[in-house]
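Quick note: the coordinates plus some simple rules give every number you see, no bench work behind them. Just so we're clear, the structure is a prediction, and the values are computed from it rather than from any experiment. Every residue, glycine as well, gets a Cβ built from its backbone with ideal geometry; the counts of neighbours run over all protein chains shown.
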Amino acid sequence: MRPAQALIDLEALRHNYRLARRLGGGKALAVIKADAYGHGAVACARALEAEADGFGVACIEEALELRRAGITKPVLLLEGFFDAAELPLIVEHGLWTAVASQWQVDALAAFRTEAVLTVWLKLDSGMHRLGLSVEEFRAAHARLSALPQVGPMVLMSHFARADELDSARTQEQVDTFARAIDGLAGETSLCNSPALLGWPQVRSDWVRPGLMLYGADPLYPQPSPHAAQLRPVMTLQSRVIAVREIGVGEPLGYGARFVAEKPTRVGVVAMGYADGYPQFAPNGTPVLIDGVPGRLIGRVSMDMLTVDLNDHPQAGLGSVVQLWGNAPTLSELAPRCNTSAYRLPCSLKRAEKVYL
């Protein structure tokens, strides 16, 4: 069996959720969209269900997967419904829905049901992606409040630049949100992971931790005392499947991106970009080889990559190579590879998930 594995530490996941909830001071919606950022949505939901206040997903397909797996806690469709035909399923499965567009308001008004839906009404406070303008938001609140099929609403928005601690945009969005909700009934939801970790002056009744649940720091490399408390959830590892010796001047792998300057002992590892490891990770990207710091050399290929074994005389066939986890962390690895800590685990494929 191919030795590529993603070890998922569910106790670390619970630890990170508790940290997010404690920082928020209220209720926390665990964001497990995109298969829990590649960690496995069902397994993560089961691990958190005893203490999570609810879960956030991107679409009804993700929500139904959780319901089929026996998850009974509230599940919010963060992008709302994409078609009015989804509303009966929302009622049947007791889902919560965001409302971020005028057509969704119209669809709810036209929907006849004896059920009472939980709606998270979304304001565009400055990200300019999804959400209603201040005027539309207040009008939608009044209209939805008058509908018997809509219960108490949660008033929400989303930050565009909370990971930039020197940006004025977050406070501008907070001020816009305060103006929009003035006098309106409903709980609030503003804080994502960067806001929880870097903006203690900004809080809301509900917080929506995403990346931080999985132990990655969205503020990196900016210092954050709270981020230092996060515990990595995923460890991606594989094993050395071949050992080669190449001489001075010999190229290694596609494109001859690495050329040996001295006799070099090379470990070939069963891990490649088809598994989700970055294809263009540069020479010198850190790895652990049997727990000892080492480095990647040569271009990552579809199914394999290569590491330098010169300083690892103990290593050979079967040696464990750690690609990310406690070292290097996702936050440290991502900028080296010109990508983000969000994308790395979301790209994970083929590696066997092992839940600890």
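A compact table of results
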read-out	value
Cut-off 13 Å between beta-carbons: net charge of the residues surrounding residue 94, Lys and Arg +1, Asp and Glu -1	+1
Low-density loop positions, trypsin sites (Lys or Arg not before Pro), segment 253-356 - DSSP coil, at most 13 other Cβ in 10 Å	349, 350
Size of charge dipole - the chain - debye, nearest 20, with Cβ of Lys, Arg +1 and Asp, Glu -1, no other charges	540 debye
Rh by Kirkwood over Cα pairs, then Stokes-Einstein D for the chain at 1.567 mPa s and 4 °C, µm²/s	59 µm²/s
Proxy reagent accessibility, fewest Cβ within 10 Å first, across 312, 93	93, 312
With at most 10 other Cβ atoms within 10 Å, longest stretch of the chain clear of loop GluC sites (Glu not before Pro) (DSSP)	115-260
Segment 189-235 shape via C-alpha gyration tensor axes, a/c threshold 1.5	oblate
Neighbour cut-off at most 13 other Cβ (10 Å), DSSP loop, trypsin sites (Lys or Arg not before Pro), segment 84-140	112, 129
Long-range lysine pairs (8 or more apart or interchain), the chain, Cα under 28 Å	9
Net charge of neighbours whose Cβ lies under 13 Å from the Cβ of residue 52, counting Lys and Arg as +1 and Asp and Glu as -1	+4
Local electrostatic count at residue 290 - Lys and Arg +1, Asp and Glu -1, tallied over other residues with Cβ under 13 Å	0
The chain, relative contact order [Cα under 8 Å, separation at least 6], %	18 percent
Relative contact order (%) - segment 43-119, alpha-carbon pairs under 8 angstrom, separation at least six	26 percent
Contact order relative to length of segment 10-218, as percent, for alpha carbon pairs under 8 angstrom and 6 or more apart	22 percent
Where Rh is the Kirkwood radius over Cα pairs, Rg/Rh for segment 77-233	1.01
Relative counts (whole %) of C-alpha pair distances in segment 15-139, using bins that are 5 Å wide	2, 10, 20, 21, 19, 15, 9, 3, 0
Cα gyration tensor, segment 234-328 - rounded (a/c under 1.5), prolate or oblate	oblate
Burial ordering of 193, 238, fewest other beta-carbon atoms within 10 Å first	238, 193
Net lengthening on full extension, residue 314/residue 11 (0.36 nm per residue, minus Cα-Cα)	105.9 nm
Sites matching chymotrypsin sites (Phe, Trp or Tyr not before Pro) across segment 152-225 that sit in DSSP coil, with at most 15 neighbouring C-beta atoms within 10 Å	none
